[in-house]
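Everything below concerns the one structure shown next.
The values are calculated or read from the model by the stated rules, or taken from the named source; none is laboratory data. None of these values were measured; they are calculated from a predicted model. Heads up, the Cβs are rebuilt from the backbone with ideal geometry, glycines too, and the neighbour counts pull from every protein chain shown.
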Amino acid sequence: MSGLDVSAHGLVHIYRLEGNDVVALSGVDLDIASGEVVGLLGPSGSGKSTLLNLLAGLLRPSAGRLRVGEHDLTRLDEKGLARMRASDVGIVVQGAMRNLLPYASPIDNVRFAQRGARAISRADLPDPHEVLGLVGLADEAKTPLERLTPGQRQRLAVGVALGCRPGLLLLDEPTSQLDHAGRDEVLAAVDDVNRLIGTTVVAVTHDPEVAARLPRTVTIRDGRVGAEGRRGEDFAVIA
Ligand code: ADP
Ligand code: MG
C-alpha cells in the first residue's frame, strides 16, 4: 500500500470547556504529499497534538476542511472515522508504553493491534513478524517488554501502529524520552518504514534537532502553521 496524502485548509479546532473555549488551532493550511515524511515542530501548547489527533480522526474539526486520502474528515460520522482509523491511519501517542500492552510479548502486541483492524475492516494484514522486522525487532518477538530498551519500546509502538499497514503514520513526540542512541534508532526505523512501504509520516516534535533530521519541517505556533521549509530553513523561526 502506498502513502496517503493530506490536505488541510482553514482548519480550526476549539476545545469547549465549561465557561471558556480554548482555540487550539486557528486556521491551519497544510498539504502533505503521498509518501512524504514531515516533522511538525513547535513549542509546548502550540497545537501539535491537536493537529495530530484531528489527522487521526480522534478529534473532529470545529471548522475548515480536512482530507486524508479519500476521507473527508469533516463529513465522516463516528463509524466512518472508526473505520478509517482501523484501516488507514496508525497513531503513536506520546510515551511508548501508552501504546503497548505491558504484559504481552512484542509479537502479541502487534497481533492484538491487528485484531481490532480485522474486526472492523481488513482481512489482508501483514505477517506480524514482518512488521517487527520493519522496525528492527525481528529478534525480539518474545522478549518481555521490561527487558527492551526505551528505544526498542518506542520502535515497538511504531510497529503496533503499523499493524494494519496504514497509509498514514502519526507520531507524537516519538523521541522525547530517549537518549541520543534511542533517538537515532527510532529515526532510522521511521526512515526504513517510509522507504520500504511508502507510508506517509507526520512526526510531532518540539526538538529542532529531530525536525532537522526529517526531510521536511512544518512549524506551528499559537495554532497556526508558519514558515514552511525544507531541511534547516526553519531554524531562524524557531530560535
Ligand atoms: P502541543 O501538543 O503543541 O503541546 P496541544 O495540541 O496539546 O499542543 O494544545 C494546544 C492548546 O490546546 C493548548 O492551549 C492546550 O492547553 C489546549 N488543549 C489541549 N488539549 C486540550 C483539552 N483536552 N481540553 C482543553 N484544552 C486543551
Ligand atoms: Mg503535544
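Here are the numbers for this structure:
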{"read-out": "Residues that are under 15 Å from Gly10 (Cβ atoms) and either in a loop (DSSP other than H, G, I, E, B) or within 13 Å of ligand 2 (Cβ to nearest atom) (or both), drawn from the range 61-81", "value": "Pro61, Ser62, Leu73, Thr74"}
{"read-out": "Residue match in the range 29-44 (condition: free of Cβ contacts under 8 Å to residues at least 60 places away in the same chain and not in a loop (DSSP other than H, G, I, E, B))", "value": "yes"}
{"read-out": "Number of the exception - Pro61 against (1) touching an Asp or Glu at 6+ places or on another chain (Cβ under 9 Å); (2) surrounded by fewer than 21 Cβ atoms within 10 Å (Cβ to Cβ); (3) closer than 25 Å to Arg216 by Cβ", "value": "(1)"}
{"read-out": "Residues (of a type outside the set (S, T, N, Q) and surrounded by 16 or more Cβ atoms within 10 Å (Cβ to Cβ)) located in the range 1-11", "value": "Gly3, Leu4, Asp5, Val6, Ala8, Leu11"}
{"read-out": "Entirely in the range 126-216, the helices (runs of 4 or more DSSP H) that have 3 or more residues that are more than 19 Å from Leu101 (Cβ to Cβ), more than 16 Å from ligand 1 (Cβ to nearest atom) and of a type outside the set (Ser, Thr, Tyr)", "value": "128-134, 180-197"}
{"read-out": "Condition met for Gly136 (at pLDDT 95 or above and surrounded by 15 or more Cβ atoms within 10 Å (Cβ to Cβ))", "value": "yes"}
{"read-out": "Residue list for the range 68-93, filter: buried (at least 18 other Cβ atoms within 10 Å of the Cβ) and without any contact (Cβ under 8 Å) to a residue 24 or more places away in the chain", "value": "His71, Leu73"}
{"read-out": "Options Ala113, Ala96: the member that is surrounded by 21 or more Cβ atoms within 10 Å (Cβ to Cβ), small (Gly, Ala, Ser) and within 16 Å of ligand 2 (Cβ to nearest atom)", "value": "Ala96"}
{"read-out": "Filter pass, Leu54 being in contact (Cβ under 8 Å) with a residue 12 or more places away in the chain, crowded, with 22+ Cβ neighbours inside 10 Å and within 18 Å of Leu214 (Cβ to Cβ)", "value": "no"}
